[in-house]
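The values are calculated or read from the model by the stated rules, or taken from the named source; none is laboratory data. What you see is a predicted model, and the numbers here were worked out from it, not measured in a lab. Neighbour counts run over all protein chains shown; Cβ positions are idealised from the backbone, glycine included.
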Amino acid sequence: MTAPADNPGFPLGGDDADPALADDTGATFTYGELRSAVDAAAAEIAHHGGGVAFIGTAATAAVVIDVLACLQAGVAAVLLGPSNDADLARLAAAYRPDIARNIDVPTGGAAGRTAGDTLGDGDAAMRTALLLPTSGSTGSPKFARISLASLVASARSIAAVLGLGAGERGLANLPLHYSYGLSVVVSHLVSGATVVLTGHSAVRPELWDVVRNQQVTSIPGVPYSYHLYRRVGVLDMDLPHLRTMTQAGGRLDPAVVRELHDRLTTQGRRLFVMYGQTEATSRMSVLDPADLPEHAGSVGHPVPSGAFRIAGPGDDGVGEVLYSGPNVMLGYAHGRDDLAKPDELGGNLATGDLGRLDDGGRLWLTGRIKRIVKLYGERVSLDDIEALASPWGIAVATDLGDDRLGVFVEGRVPADASRSLERQLGVPPRTVQVVALDALPRTSSGKVDYTKLGVDG
C-alpha cells in the first residue's frame, strides 16, 4: 500500500532546529528529527499494507510518532487506552486491524485492502483519519470518526486562542486517546511549540519535577485534575516558567474558577476555561481570562470558525446547544465497514447539552438532555441533585429507574443524607439512595466510570 497521493499528513509548525517533543523515557526530538521519524514510520506502515491501525496510547514520543505516521500514510488510527483482553477482542472483531503499535492484538483481518478501499474515496483530508473513543465503557466499539481536516482545524483554532508558538512548552499529562489530551499535543505541534509528555500522576512529586525541569509553560486539566492540583498545592509551588492553565472535560465549580483565577492573576498567570466534546475533535469554546471573574460559570465564546445556536429555547433562553464548525466529526463508527462512510454531519453537531447564550454571545451550560429524569411525573435535573449533595463531597447522581435515584459521594455523608435529599426534592422515602465511597471510579481521562458504579450514566 502507498499513501494517497493527495494526503498532506499533519502539518508540523516548527523549524527543524526547534524542540518538538520530550517524554519521561528521556527521548527528545527537534522538529527536523520528528519529521524524519514520522517519514520513516509512515513508510513502514504503508509498506505493511492495510487501512486500520490499533495504537496503544502511552505517554511517549514513540506513540505520537505512530499517530502522525498513520495520518501521513492514510491509515485510520484507532487510539486505545488501557483495555482488558475481552475488550480488545471485541474491538478487534469489530475493526479487524491490519497493524498494531504499542498494543498486543491480532492483526491481518483485512489483508489485501488498501486505505482507499477501507476509508472511502474523495479528498484524503476528509476521510476517516482517527477513531477516538466516546464516553462509555472501555470495550464499546463506538468511536468518533475524525478527519485530518477536522483535526487540523481544531488544532489551529486552539493554538490561536491560546497564543501558542515557539517558546511555549505544554504539559501533555492527559491520556492521548482522550480528545482533550490529543488536542494538547496537536495544537502545540501545529504551532511550533514544544510538547512535554508525562505519565506521572498529579499527586506524585515526579510530575512537578518534570514541570520544573522541562520549563513547562502551560498545564491542562479536567475537573478532577484540578481537585488534585489544589490538593497538592500547585499554586504554592515554585514553577517559574508556568504561565497558563487550561480546563475542559466537564464543569468546574464557578467558585473554584474564581479562586483559581484570582490566585493565578496575582501571579501574572492566566486560566482558560473551555468546553468541548470528542465529536468536535475536542474544544468548541473558550472563556477569555478577561471575562473572569465576572462570568465564572460560562464556557465563553466559540473557537475561531465555530458557532453556537440554541434549538427550541424556552422563556429562559435555554435549549439544546447546536455547534457548527470545521472541527466536527464525520460521524460515528461501530465497526470497520463504517470507515468508508462519507461525512454524515456536514460540520453540524447537536451536542445533547442544554444551555443559553447571553447578550455578549457567551455560552452558559445548564445540563444534559439525558440528565433530565422524571420522578413521580416531575422533571428533575441530575445536575441539580449533584449540586445539593456537593457539600458532602464530589457527587454523582444517576437514574436507577422505577422512580429511584442513586447518589454516589466521594466523601463523608450524614446518616440522614438520603432522607435529606428526599425532603428537598419533595419525594417519598426510599426514592433516593446515597452511597458514600472512598473514591469514585474513574476512567483514564479522569471522568467518572459509570459502568463500575453499575449504571450507564
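Against the conditions (1) of a type outside the set (A, V, I, L, M); (2) touching a helix residue (DSSP H, G or I) at 6+ places or on another chain (Cβ under 8 Å); (3) not assigned by TED's automatic domain parsing to the domain that holds Phe308, where does Lys370 fall short? Just the number, please.
Going through the list (1) of a type outside the set (A, V, I, L, M); (2) touching a helix residue (DSSP H, G or I) at 6+ places or on another chain (Cβ under 8 Å); (3) not assigned by TED's automatic domain parsing to the domain that holds Phe308, Lys370 breaks only (2).
Looking at Tyr323, Tyr275, can you tell me which residue is aromatic (Phe, Trp, Tyr), over 30 Å from Leu21 (Cα atoms) and assigned to a strand (DSSP E or B)?
From the options Tyr323, Tyr275, the qualifying one is Tyr323.
Cβ-Cβ below 8 Å, separation at least six or inter-chain, first residue in segment 335-363 and touching a residue at least 12 places away in the same chain (Cβ under 8 Å), second among the acidic types (Asp, Glu) and assigned to a loop (DSSP other than H, G, I, E, B): which pairs?
Arg356/Asp316
Determine, yes or no, whether Thr281 is of a type in the set (S, T, N, Q), closer than 30 Å to Asn348 by Cβ, assigned by TED's automatic domain parsing to the domain that holds Thr28 and touching a Gly at 6+ places or on another chain (Cβ under 9 Å).
no
Consider only pairs whose beta carbons are under 6 Å apart and that are at least six residues apart or on different chains; among these, list those whose first residue lies in segment 365-376 and is free of Cβ contacts under 8 Å to residues at least 40 places away in the same chain and whose second residue is among the basic types (Lys, Arg).
Final answer for the pair search is Ile372/Arg379.
So, in segment 263-316, exactly how many residues are loosely packed, with under 14 Cβ neighbours inside 10 Å and at pLDDT 95 or above?
Adding up the residues that qualify gives 7.
Mind listing whichever residues of segment 30-52 are out of contact with any Ser or Thr (no Cβ under 9 Å at 6 or more places or on another chain) and buried (at least 19 other Cβ atoms within 10 Å of the Cβ)?
Tyr31, Leu34, Ala37, Val38, Ala41, Ala42, Ile45, listed by residue number.
Tell me, yes or no, whether segment 44-63 has at least one residue that is among the aromatic types (Phe, Trp, Tyr) and farther than 25 Å from Arg96 by Cβ.
no
Restricting to segment 328-352, count the residues that are surrounded by 21 or more Cβ atoms within 10 Å (Cβ to Cβ) and under 23 Å from Gly367 (Cα atoms).
Final tally of qualifying residues: 3.
So which helices (runs of 4 or more DSSP H) are wholly in segment 2-107 and hold at least 1 residues that are among the basic types (Lys, Arg) and not assigned by TED's automatic domain parsing to the domain that holds Asp449?
Of the helices (runs of 4 or more DSSP H) lying wholly inside segment 2-107, those with at least 1 residues that are among the basic types (Lys, Arg) and not assigned by TED's automatic domain parsing to the domain that holds Asp449 span 31-48, 85-95.
Just one of the numbered conditions (1) within 22 Å of the chain's Cα centre (by Cα); (2) surrounded by 15 or more Cβ atoms within 10 Å (Cβ to Cβ) is not true of Leu357; which one?
Condition not satisfied by Leu357: (1).
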